[in-house]
Each structure stands twice: as C-alpha cells, then as structure tokens.
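Colleague: Let me give you the structure first, and then I'll get to my questions.
The values are calculated or read from the model by the stated rules, or taken from the named source; none is laboratory data. No experiment lies behind these values; they were computed from the predicted model shown. FYI the Cβ positions are ideal-geometry reconstructions off the backbone, even for glycines, and counts take in every protein chain you see.
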Amino acid sequence: MLHAIPEHISNRMQYLEEIDARDRVNCTSRWERLRQIPSETGKFIAFQATLAPPGDIIEIGTSGGYSSLWLSLAANEKKCKIITFEILEDKAKLARETFKQARVEDIITLIEDDALKHIEKYTNIAFCFIDAEKEIYSECYDLVIPNLLTGGILIADNVISHKKELRSMVDRVLHDKRVDALTIPIGKGLLLCRKL
C-alpha cells in the first residue's frame, strides 16, 4: 500500500504539501492556512485504518483532502468507503478538487456540514480520524465511541501540539474503560484508541 501509491494520488499529495509549506511561511492567520497533517501522520493513519475491522471510515475535518488521500489507500485495500466532513466552504471546494484530481471520488463522500449533526447516524464505524477544531474533540469522541465497532480504531490529531486545550479530554479518554488508549509522538501527537 505505502510502496505503490498511484501517481495521480502522489501527485496531488505533493501539490497539497507544497501549498501547506508555503502557507506556513506566508499566512499569519490559522484560518487562512491549509492546515494539514504531515506525511508521517498520513502513513500512520493509513496503516491503522487497514487494521480496523470491516465498516465505515469516518474523517472529521477534511481540510484540502490530504489526510483523506492517505485514508483512501486503506479504503482501496479494504474495499470500503470514506465519509469525510468539512465545515469550511473554501476547504471543501479544494477537497472536491483533490478527490477529482486524485481519482478517488468513487470511494470518498464529502459532507460539507458540521460533523456533530451527522455522526450519530453512522452505526458501523470501524475507523475514525479527528482533525478539526479542538473545541469539538470531546463531543466528537462522545458521539463516535458508542458507534465504534469492537476492535474499531479512533485517532485524534494534535494532542501534543495542543496539549493544554486537549488535556482534560485526553485524560478522560485514557481512563475510559470502553477503550485501550495511548498517546503517540508522531507528527503533532496522536491519541490512538481501540474499542474493547
């Protein structure tokens, strides 16, 4: 999977990496920046998604579609689909362009709306990746976990880079008896949970 990324996907990944690198230098507002995961995080979530049981792959926070492309590698291998949520119009537009250019429109459904309005209806979640505004992480977790399949995996990004904002949520998850959980120093820090 990681050794044979199709050229149309790797080309789009490179394009988004270049935008992200430029934004980090030139944009002063976090709202103007593309804001996406580093490639090592992408590889990790793709790898973990392949280990999840059969079911839905959910992503909360699409941005330009970079992390979705990594997840598409796992979805292609597992013959499943991805549902991804993005609330910002400009980022949803870029993500749609990403999915078209990378030729993954058939396996990714982009919902341009607040994920919190929709998550409860997905009752067959095998894998969930959260990379959105930190204020909603706790609520996302609370909505996903009851619908996460046994053996299902939830990963939340930025738990080290935003340690102060996410401390109470991470502490609560680490003591949640419904999951095994740990933090991993990959990228900006990942919270990895496996449903018991």
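So that you can scan it fast, the table gives a plain yes or no per residue for (1) modelled with pLDDT of 95 or more; (2) of a type in the set (D, E, K, R); (3) farther than 25 Å from Phe44 by Cβ:
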| residue | (1), (2), (3) |
| --- | --- |
| Phe85 | yes, no, no |
| Lys93 | yes, yes, yes |
| Arg96 | yes, yes, yes |
| Ile107 | yes, no, no |
| Asp114 | yes, yes, yes |
| His118 | yes, no, yes |
| Cys128 | yes, no, no |
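Colleague: What are the residues in region 82-110 that are surrounded by fewer than 17 Cβ atoms within 10 Å (Cβ to Cβ) and in contact with a strand residue (DSSP E or B) (Cβ under 6 Å, 6 or more places away or on another chain), if any?
Modeller: The answer is Thr109, and nothing else.
Colleague: Being surrounded by fewer than 16 Cβ atoms within 10 Å (Cβ to Cβ) and touching a Leu at 6+ places or on another chain (Cβ under 8 Å) is the filter here, so list the residues in region 182-196 that pass it.
Modeller: Result: Leu182, Ile184.
Colleague: Tally time: how many residues in region 111-127 are surrounded by 14 or more Cβ atoms within 10 Å (Cβ to Cβ) and more than 21 Å from Gln48 (Cβ to Cβ)?
Modeller: So the answer is 5.
Colleague: Looking at the structure I just gave you, is Thr41 surrounded by 17 or more Cβ atoms within 10 Å (Cβ to Cβ), touching an Asp or Glu at 6+ places or on another chain (Cβ under 6 Å) and at pLDDT 95 or above?
Modeller: It is false that Thr41 is surrounded by 17 or more Cβ atoms within 10 Å (Cβ to Cβ), touching an Asp or Glu at 6+ places or on another chain (Cβ under 6 Å) and at pLDDT 95 or above.
Colleague: Out of region 122-161, which residues are under 17 Å from Ala181 (Cβ atoms), without any contact (Cβ under 8 Å) to a residue 40 or more places away in the chain and not in a helix (DSSP H, G or I)?
Modeller: Selection gives Ala156, Asn158, Val159, Ile160.
Colleague: Could you check how many residues of region 19-37 are surrounded by 14 or more Cβ atoms within 10 Å (Cβ to Cβ) and either at pLDDT 85 or above or among the charged types (D, E, K, R) (or both)?
Modeller: Total meeting the criteria: 7.
Colleague: Being polar (S, T, N, Q) and on the phi < 0 side of the Ramachandran plot is the filter; apply it to region 128-181 and report the residue that is surrounded by the fewest Cβ atoms within 10 Å (Cβ to Cβ).
Modeller: It comes out as Thr150.
Colleague: OK, next. Counting only residues that are surrounded by fewer than 24 Cβ atoms within 10 Å (Cβ to Cβ) and in contact (Cβ under 8 Å) with a residue 12 or more places away in the chain, which one in region 71-81 is nearest to Asp20 (Cα to Cα)?
Modeller: Leu73
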